[in-house]
Amino acid sequence: MMIKVHLLFHFREREFISLNREHNYDIAKSTLIISNHFWFWDGFIHLLLAHKVLNKRVYIMMLHSQLIKHRFLRKVGCFSIDRGSRDIIESLIYSIDILKKKENALLIFPTGEIESIYKTKYSFQKGINYIISKSNNVNICLNYNTIDYFSNKKPTLTLYYKIIPIEQLQQSDEIAIKNNNIEDIYNTFVEEAISLQLNKEKH
């Protein structure tokens, strides 16, 4: 309830748009969410996505420096990763363990920092590839969130998403995780989402 109230305060409405062309995934599996990060309170958006679309309990990986400043976020499933530290391996292993339970979703902002909502191409940190290569029997949810005001005082928040079985990535000759092609897959997904956003009816 608190999440809905918080989002209603900031946004006029919320739209969920799937870019899946066929239902080739098992929603009962745990899910790795890969998303853009344009707002400190993004976690509220993803808690809603995990509840409404995925029906999962969400865990959120965030930078250690940010979690130290906002310790209360631990109460909503946030845990830290410290780039450049030896503890980074422990955080990655913990992430993999989260995905072993089908009722869980793990949210990662693969660029590692908050960036402009107008950004259209993203560069990923390496940890995402490690998690994908070590995970089995899970889904990957590509997610891109954006806002538009049009003629309204408050913006509409649009959540674009596409769910892919991880096996589709791991077994494809064309999609070699070691070559960081998950970054290319995500950027292609973002291009499609932006194209749809630009063609939305103004209201």
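Protein-only accessible surface at a 1.4 angstrom probe places the residues H46, H37, H10, H51 in the order H51, H10, H37, H46, largest first. Within straight cross-link reach of K134, meaning Cα distance under 18 Å, which aspartates and glutamates are found once same-chain residues fewer than 8 apart are removed? In chain and number order, the partners are D87, E90, D97, E167, D173, E183. Taking 7 Å steps out from each Cα toward its Cβ at I114 and Y149 produces label points 1.9 nm apart.
Evaluated at q = 0.15, 0.27 Å⁻¹, the base-10 log of the normalised Debye intensity for segment 108-161, with identical point scatterers placed on the Cα atoms, takes the values -0.59, -1.20.
Label sites at F40 and E15, each approximated as a point 7 angstrom past Cα along Cα to Cβ, lie 2.9 nm apart.
Between the amide H of I17 and those of L159, Y160, Y161, distances stay under 5 Å, these residues lying 5 or more places away or on another chain, with hydrogens modeled in the peptide plane. Starting from the Cα of N136, step 7 Å along the direction of its Cβ; do the same at L198; then give the gap between the two resulting points in nm. Distance between the two pseudo-spin positions: 4.3 nm.
The values are calculated or read from the model by the stated rules, or taken from the named source; none is laboratory data. Keep in mind it's a predicted model, so treat the numbers as computed, not measured. Every residue, glycine among them, receives a Cβ derived from its backbone with ideal geometry; neighbour counts consider all protein chains shown. Side chains are part of the model used for accessible areas, which takes the heavy atoms of the whole protein and leaves out ligands, DNA and RNA. Shrake-Rupley method; radii C 1.70, N 1.55, O 1.52, S 1.80 Å.
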